[in-house]
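**Student:** First, the structure itself, so that you have it in front of you.
The values are calculated or read from the model by the stated rules, or taken from the named source; none is laboratory data. In this text the structure is predicted, and so the values were computed from the model without any measurement. Counting neighbours? That spans all protein chains shown, and the Cβs are built from the backbone with ideal geometry, glycine included. Accessible surface areas use protein heavy atoms only, side chains included; no ligands, DNA or RNA. Shrake-Rupley method; radii C 1.70, N 1.55, O 1.52, S 1.80 Å.
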Amino acid sequence: MKDRPPLPPLREVIKKHGLTANKALGQNFLLDTQLLSRIAAVPGDLTGASVFEVGPGPGGLTQALLQAGAQVTAVERDERCLPALQDLSDHFPGKLTVINEDALKIDLTQLFDMPFHIVSNLPYNVGSALLIKWLSGADWQPAWQSLTLMFQREVAERIVAKEGSSAYGRLSILAQWRCDTKLAMSVHRSAFTPPPKVMSAIVHLTPKPQPDGVDPEMLAKLTQTAFSQRRKMLRQSLKSLTGGLDALDAAQIDSARRPETMSVDEFVALARFLSA
Ligand code: SAM
């Protein structure tokens, strides 16, 4: 590795391979190597760890992950990025695998036979869909050890929001009933090329044991029903859910409350009665 010539700056990589940003693919690239190293440090020590990255683009975050000692499998939809990623792979022999595919179609259980971290500066157009996919499903614990993901700041705030805040809703409950969540870092829009209209933030999620006796689909149905009428009292909104009013009684939750005042644990308790 010592004799290898240094990798060119990312601006040159973009120029060399003609990687003009494609808006439809959510391409806002990060070029600041210090910032990229800080993001790669969020999951903790990655020496020898496996990492799945969505959307490596010209490879800035990928490079930071490789420099942190990770073994990286990256899925990139835009085939224009592949030659740049090949150069990176040549620089870190045997450490980077690139798949030219839509990340939404990837079955992670087929890709990894050991625990892995997911780290990504997500394309904004598929970011929430991917998060929901990784957090949903009947089986828990998941195959991944942690998620370190860049979102628009407003989405990041919804993921970590606590009851009583205006950002609190279905996404907060989906994330927090199975994971510890934290806002790891804010990222100014000017850090991206081209800069998006909005600010961004990195969230970090680690799985925790799933509460017993709760059907994930029932919890999803409950939160969808409750938050579809955010301003209404629960006795009104849960009328349409079979057993909804009985579950409120059984869980000793005041039916005059509104969904945004209910903690994740209270939603879980309600879902447990509905699942029984
Ligand atoms: N990781 C790079 C960085 O931090 O500079 C690029 C991040 S950019 C926000 C998102 C990347 O995801 C782009 O390279 C884009 O081509 C890619 N992408 C968009 N949709 C995708 C999808 N469905 N599957 C895989 N990659 C996708």
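**Student:** Could you check which residue among Met218, Met150, Met114 shows the biggest mean-square fluctuation in a GNM of the chain with a 10 Å Cα cutoff?
**Tutor:** Met114
**Student:** Any idea what the dipole of the chain comes to, in debye rounded to 20, about its Cα centre with Lys/Arg Cβ at +1 and Asp/Glu Cβ at -1?
**Tutor:** Its charge dipole is roughly 960 debye.
**Student:** Out of Ile106, Gly55, Ile202, whose Cα points farthest toward the positive end of the dipole of the chain (charges: +1 Lys, Arg; -1 Asp, Glu; placed on Cβ)?
**Tutor:** So the residue furthest toward the plus end is Ile202.
**Student:** Let me check against my output: what whole-number percent is the relative contact order of segment 166-259, with C-alpha pairs under 8 Å and at least 6 apart?
**Tutor:** 23
**Student:** Continuing with the same structure: Which percentage, to the nearest 5, of the DSSP beta bridges contained in segment 59-188 is antiparallel?
**Tutor:** If we restrict to bridges inside segment 59-188, about 0 percent are antiparallel.
**Student:** Rounded if a/c is under 1.5, else prolate if a/b is larger than b/c, else oblate: which is segment 150-214, with a ≥ b ≥ c the root eigenvalues of its Cα gyration tensor?
**Tutor:** The shape class here is prolate.
**Student:** Something else: With springs only between Cα atoms under 10 Å apart, run a GNM on the chain and tell me which of Gly169, Gly59, Gly18 wobbles the most.
**Tutor:** Comparing Gly169, Gly59, Gly18 in a Gaussian network model of the chain, the most mobile one is Gly18.
**Student:** Over its Cα atoms, what ratio of radius of gyration to 2.2 N^0.38 Å does the chain give?
**Tutor:** Ratio of Cα Rg to 2.2 N^0.38 Å: 1.12.
**Student:** Along each principal axis of its Cα atoms, how long is segment 49-190 end to end? Whole angstroms, biggest number first, please.
**Tutor:** Cα extents, longest axis first: 51, 39, 25 Å.
**Student:** Rounded to the nearest 10 degrees, what's the angle between the helix 264-275 long axis and the longest principal axis of the chain, both from Cα atoms, 0 to 90?
**Tutor:** Approximately 60 degrees, to the nearest ten.
**Student:** Using a ≥ b ≥ c from the Cα gyration tensor of segment 216-276 (square roots of the eigenvalues), is it rounded, prolate or oblate, where a/c under 1.5 gives rounded and otherwise the larger of a/b and b/c decides, a/b for prolate?
**Tutor:** rounded
**Student:** Which of Thr242, Thr193, Thr148 moves most in a GNM of the chain, Cα contacts under 10 Å?
**Tutor:** Thr242
**Student:** Below 8 Å, C-alpha to C-alpha, sequence gap of six or more: please give me the relative contact order for segment 1-105 in percent.
**Tutor:** So the answer I get is 26 percent.
**Student:** Return the carbon/sulfur percentage of the accessible area of segment 192-250, one whole number, probe 1.4 Å, all protein chains in place.
**Tutor:** Summing carbon and sulfur atoms, their accessible area is 53 percent of the total for segment 192-250.
**Student:** I've got another one for you. Between the DSSP loop rule and a limit of at most 12 other Cβ atoms within 10 Å, which trypsin sites (Lys or Arg not before Pro) in segment 148-180 are left?
**Tutor:** Passing sites in segment 148-180 are Lys162.
**Student:** A further question on this structure: Could you work out the relative contact order of the chain? I mean the mean sequence separation of Cα pairs under 8 Å and 6+ apart, divided by the number of residues, in percent.
**Tutor:** 15
**Student:** Still on this structure: Quick one: helix 82-91 against the long Cα principal axis of the chain, what's the angle to the nearest 10°, folded into 0 to 90?
**Tutor:** For helix 82-91, the angle is close to 70 degrees.
**Student:** Quick check: from the Cα gyration tensor, does segment 11-118 come out rounded (a/c under 1.5), prolate or oblate?
**Tutor:** Verdict is oblate for segment 11-118.
**Student:** Quick check on the chain: of the DSSP beta bridges with both residues there, what percent are antiparallel, nearest 5%?
**Tutor:** 45
**Student:** In segment 179-254, which trypsin sites (Lys or Arg not before Pro) are in a loop and have at most 16 other Cβ atoms within 10 Å, using DSSP for the loop call?
**Tutor:** Lys197, Arg230, Arg231, Lys232
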